[in-house]
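Okay, structure first, notes after.
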Amino acid sequence: MDFKDYYINTEKPVISFEIFPPKSVNGVEKLKETLHELAGLSPDFITVTYGAMGSTREKTIEIASYIKNTLKLETACHLTCVGSSKEEIKEIVENIVENGIKNIVALRGDPPNGNKNFVPHENGLSHANELVEHIREFEKQSDKITNSLGIAIAGYPEKHIEATSFDEDIKYLKKKVDAGANVIITQLFFDNKYYFDFVKRVRNEGIDIPIVPGLMPILSAKQIQKITTMCGTSIPEELTNKLNNASDNNYIAEEIGISQCIKQARELIDNNVPGIHFYVLNRASNIKRILQSL
Ligand code: FAD
């Protein structure tokens, strides 16, 4: 199945997980064990992120291929514009397809090495809408691609950190959709109000593809502070106070994160979201508890 088919006529929300390729060989082996546990939770698909500067390119495809061909679960490779020419992107897309993978999460990527501004490859692409267009054009040319791929793009309930206004950000989101994306997966958020408002804004712009909320179980106060600073997600005061009280006690922080995730997921499901994309951070235990309680 691909992204085009997933969210149509589903009786229950589509559950997906997102994992990232570890740096070391040992890490990859450990992740494979975790993947067996994650597969046991029967998600509809698992996506694999793409590291800065294409640093995890081979590992992204290797792990996605493991999910697809060994675990026999549907998967998606994330792909960014960072550090690749248009020709290299075509090779990567063919490689993805050759591994039997039918879905891509198409992104611009963050500026590498903590740089503030995104600098495209000299023969590359500047924005995710160009990447979606490039993939759609290439699909028509390549003999190896017989079926159109499922393409997901990123959406930002609190607007993208670089965008000068929400309206501008939604205008560019529309460009990605018009270029041929099938589904929007959102950045993580801790207050569902942002998601519900975002959906209204997006629908007002005439965008009608599924908008899948992204939720992340917190692992520690420090970790979530770092991630939210990077991606511009706000943490509600009540949650901040709880995490401050947890201080360096990661066990307590994780428990807070599990309760928060369950609370958000319940309300989202009650409001008939098409699915939930969990940023599982390569851990099975927390997501297992979250899904069990749903
Ligand atoms: P874009 O859609 O290109 O937007 C980037 C900024 O430029 C926005 O401010 C937007 O308003 C503006 N903009 C968009 N189009 C145009 C245009 N045509 N002209 C002018 N301005 C424009 N990062 C990784 O490195 N690897 C991953 O695997 C990864 N996975 C992710 C998965 C999800 C679900 C999400 C939400 C994010 C992910 N990211 C990943 C992070 C993402 O790469 C960053 O948020 C990045 O800064 C923006 O990517 P984008 O695809 O949204 O870019």
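For the reader, a short list of remarks on this structure follows.
Conditions (1) of a type in the set (F, W, Y); (2) surrounded by fewer than 19 Cβ atoms within 10 Å (Cβ to Cβ); (3) at pLDDT 95 or above, marked per residue:
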| site | (1), (2), (3) |
| --- | --- |
| G214 | no, no, yes |
| K222 | no, yes, no |
| Q225 | no, yes, no |
| T229 | no, yes, no |
| S234 | no, yes, yes |
| E238 | no, yes, yes |
| S247 | no, yes, no |
| I252 | no, yes, yes |
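- Residue that is within 16 Å of the chain's Cα centre (by Cα), closer than 22 Å to A265 by Cβ and buried (at least 21 other Cβ atoms within 10 Å of the Cβ), where the choices are I63, I15, I19: I19
- Residue in the range 70-87 that is farthest from the ligand (Cβ to nearest atom), counting only those that are in contact with a Gly (Cβ under 6 Å, 6 or more places away or on another chain) and more than 20 Å from G150 (Cα to Cα): S85
- Some residue of the range 49-59 being over 21 Å from the mean Cα position of the chain (by Cα) and either surrounded by fewer than 19 Cβ atoms within 10 Å (Cβ to Cβ) or in contact (Cβ under 8 Å) with a residue 60 or more places away in the chain (or both): no
- Entry remark, the range 49-69: residues being more than 28 Å from G114 (Cβ to Cβ) and either within 14 Å of the ligand (Cβ to nearest atom) or of a type in the set (A, V, I, L, M) (or both) number 1 in total.
- Cβ-Cβ contacts under 6 Å between residues 6 or more apart (or on different chains), taken from a first residue in the range 98-121 that is closer than 18 Å to T229 by Cβ to a second residue that is among the small types (G, A, S) and within 11 Å of the ligand (Cβ to nearest atom), are listed as P112/A52.
- Tally, over the range 121-153, of residues that are open to solvent by 30 Å² or more (accessible area, probe 1.4 Å), more than 10 Å from the ligand (Cβ to nearest atom) and in a loop (DSSP other than H, G, I, E, B): 8
- Listed by position, the helices (runs of 4 or more DSSP H) inside the range 173-251 whose residues that are under 19 Å from the mean Cα position of the chain (by Cα) and within 16 Å of the ligand (Cβ to nearest atom) number at least 2 are 192-204, 221-231.
- Flag for L107 being open to solvent by less than 20 Å² (accessible area, probe 1.4 Å) and either more than 24 Å from E29 (Cβ to Cβ) or at pLDDT below 95 (or both): no
- The range 33-48, residues that are in a helix (DSSP H, G or I) and surrounded by 14 or more Cβ atoms within 10 Å (Cβ to Cβ): T34, L35, L38, A39
- Residue in the range 162-171 that is surrounded by fewer than 18 Cβ atoms within 10 Å (Cβ to Cβ) and within 27 Å of F45 (Cβ to Cβ) present: no
- Count of residues meeting criterion [within 17 Å of D2 (Cβ to Cβ) and part of a loop (DSSP other than H, G, I, E, B)] in the range 72-107: 6
- Residue list for the range 49-71, restricted to those being assigned to a helix (DSSP H, G or I) and not charged (D, E, K, R): A52, M53, G54, T60, I61, I63, A64, S65, Y66, I67, N69, T70
- One residue from S285, S293 being among the small types (G, A, S), surrounded by fewer than 18 Cβ atoms within 10 Å (Cβ to Cβ) and more than 25 Å from N9 (Cα to Cα): S285
- Selection within the range 49-90 - at positive phi and at pLDDT below 95: M53, G54, G83
The values are calculated or read from the model by the stated rules, or taken from the named source; none is laboratory data. What you see is a predicted model, and the numbers here were worked out from it, not measured in a lab. Neighbour counts are summed over all protein chains in view; Cβ atoms, including those assigned to glycine, are modelled from backbone coordinates with ideal geometry. Calculation scope for accessible area: heavy atoms of the full protein, side chains included, ligands and nucleic acids excluded. Shrake-Rupley method; radii C 1.70, N 1.55, O 1.52, S 1.80 Å.
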